[in-house]
Each structure stands twice: as C-alpha cells, then as structure tokens.
1. Which ones in the stretch 92-110 are surrounded by fewer than 16 Cβ atoms within 10 Å (Cβ to Cβ) and part of a helix (DSSP H, G or I)?
2. In this structure, is residue 225 within 29 Å of residue 99 (Cα to Cα) and either at pLDDT 75 or above or in a helix (DSSP H, G or I) (or both)?
3. Within the stretch 241-257, does at least one residue satisfy the condition of being surrounded by fewer than 11 Cβ atoms within 10 Å (Cβ to Cβ), modelled with pLDDT under 80, assigned to a helix (DSSP H, G or I) and in contact with a helix residue (DSSP H, G or I) (Cβ under 9 Å, 6 or more places away or on another chain)?
4. Among the residues of the stretch 71-87, are any within 30 Å of residue 171 (Cβ to Cβ), touching a residue at least 60 places away in the same chain (Cβ under 8 Å) and either assigned by TED's automatic domain parsing to the domain that holds residue 187 or surrounded by 13 or more Cβ atoms within 10 Å (Cβ to Cβ) (or both)?
5. Name, by its number, the condition in (1) loosely packed, with under 11 Cβ neighbours inside 10 Å; (2) over 34 Å from the mean Cα position of the chain (by Cα); (3) at pLDDT below 85 that does not hold for residue 67.
6. If I filter the stretch 84-97 for residues that are within 30 Å of residue 163 (Cα to Cα) and touching a helix residue (DSSP H, G or I) at 6+ places or on another chain (Cβ under 7 Å), do I get at least one hit?
7. Exactly one of these conditions fails for residue 178: (1) in contact with a helix residue (DSSP H, G or I) (Cβ under 7 Å, 6 or more places away or on another chain); (2) closer than 30 Å to residue 108 by Cβ; (3) modelled with pLDDT under 75. Give me its number.
8. Here is a list of conditions, (1) in a helix (DSSP H, G or I); (2) surrounded by 11 or more Cβ atoms within 10 Å (Cβ to Cβ); (3) modelled with pLDDT of 80 or more, and residue 202 meets all of them except one; can you say which number that is?
C-alpha cells in the first residue's frame, strides 16, 4: 500500500522496493514452516482435513497418471517457491540496477522542501546516463554550474514552495533562469521525459483500460480524453457542482430555452 501512495517520493519508493525484495527473500528462505503451522492450526480449528505431505501428489487434471512427486514438493516448490520467485523476478526486471540508480539520481533534482534532496555528486552521475546529450566538455563543467544553480535558486524566494519537477521547469522559464543555467535545464527536460517523472502517466494507462471497454471500442479520441480527465481527476471534480456545469454549458452559446 505504501508504494501506491500518490505523494510517494522516488527515494522512499526505491527504499521500499529494496525492503520489499528483502522481505520476500526472507519469506522464501524461512517462511515455509511458519506458513504450514498457520495452515495446520486453521484446519484443526475448523475440523478440516489436511494433506499428508509424504504421500504422492495426484494431479486433478490427470488423476490416473503418476506425478512422481510428493504433496510436499508440489506445495513447497511448485506453489510456494514459484510464486515468490515470480514476484522477485518481477521486481528485478522492473527495477534493475541501472533503473534504480537513474531514479535515485533523478530525485536529487526535486525542488520539494527547498531542494532538500539536492546532491551534486548524484546529479553529475545522472548526466553520465545521457552521453549523447552532453558533450565531454559539458560533462566536465556541469558540476560547477550545479553549484551556482543551487545557490541561486535556494536564495530566490520564488523557488521556495515548489513541489515537483514540472513546477520547477515552468518557473525556470518564467524567471529566465533556464538561460543562466542551460545545462541544468537541459538535464531537467531529459528527466521530465521519463514516464516515472510524472506519476499520473501510469494511472492514465490504467484508467484507459477501465474507461475504454469492449462496449466503447468506437469511442473517439476527444471524447476519450474528456472521459479520462473526469476519471483521473475525480477528486478535483467533486468540488464542481451541477449548477456550475449548467452555467458553463449555458454560456457556451445562446439557447432558446434557459437551462
């Protein structure tokens, strides 16, 4: 549940990922006996028959064919280990070492809490992920520019209450600081192109599966976009009353009948 919070920052999210992986591995190594104790206790409490683990496993799909394994092997290896191995593999595939480093370094650009997470060393490392976007000379000078940049924005009151990278990018353009710190702004733009930089991207795709069902397969792009906005921003739309909608609709053009 903690990983699904909308306000979760990247650093904490990656820390939770590592903790989850360690707990899954610990459960795989040490959790079988504890699980079986709970299962046996539950069965005893509710007078439910239990499997004899030393007996041969009978596949319900092919009951006449000998499986060659015991119930213990089936439950422990094919079920318990397989499920946990699959979950661990999913974590490893989605959060590789490179992806993890990229996310952690990216978080150092966050303006939240007055640039609390700013780390020059990690941002220099982040630049190394984009060799085609920064020349060798630019990679050598960006560390110096990062020092000037952080001193500049920390002392500027206009940058005090920023919350995300999008706000930082807009304000840099409005204050012309993107011209004073071109390498930092270029790095910021590259980071913003990552889907994880905007948390709503994944939610949009999830919402699309719910909104565009088989009965709505001919829905147009514009109507689809409107439906998605209403679904994704439902918390904000709760403050919109029916009277406001009617007034907005009425003001779009003159009508014969007043709504």
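1. If the condition is that a residue be surrounded by fewer than 16 Cβ atoms within 10 Å (Cβ to Cβ) and part of a helix (DSSP H, G or I), then 92, 93, 94, 97, 98, 99, 100 are the ones that fit.
2. On the way: within 29 Å of residue 99 (Cα to Cα): no; either at pLDDT 75 or above or in a helix (DSSP H, G or I) (or both): yes.
For residue 225, the condition - within 29 Å of residue 99 (Cα to Cα) and either at pLDDT 75 or above or in a helix (DSSP H, G or I) (or both) - is not met.
3. The answer is no; no qualifying residue exists.
4. Step one: of the stretch 71-87, the residues within 30 Å of residue 171 (Cβ to Cβ) are none.
No, the stretch 71-87 contains no residue that is within 30 Å of residue 171 (Cβ to Cβ), touching a residue at least 60 places away in the same chain (Cβ under 8 Å) and either assigned by TED's automatic domain parsing to the domain that holds residue 187 or surrounded by 13 or more Cβ atoms within 10 Å (Cβ to Cβ) (or both).
5. Failing condition for residue 67: (1).
6. yes
7. (3)
8. It is condition (3) that residue 202 fails.
The values are calculated or read from the model by the stated rules, or taken from the named source; none is laboratory data. Here the structure is a predicted model, which is why all the values come from computation and not from measurement. Cβ atoms come from the backbone with ideal geometry, glycine included; neighbour counts cover every protein chain shown.
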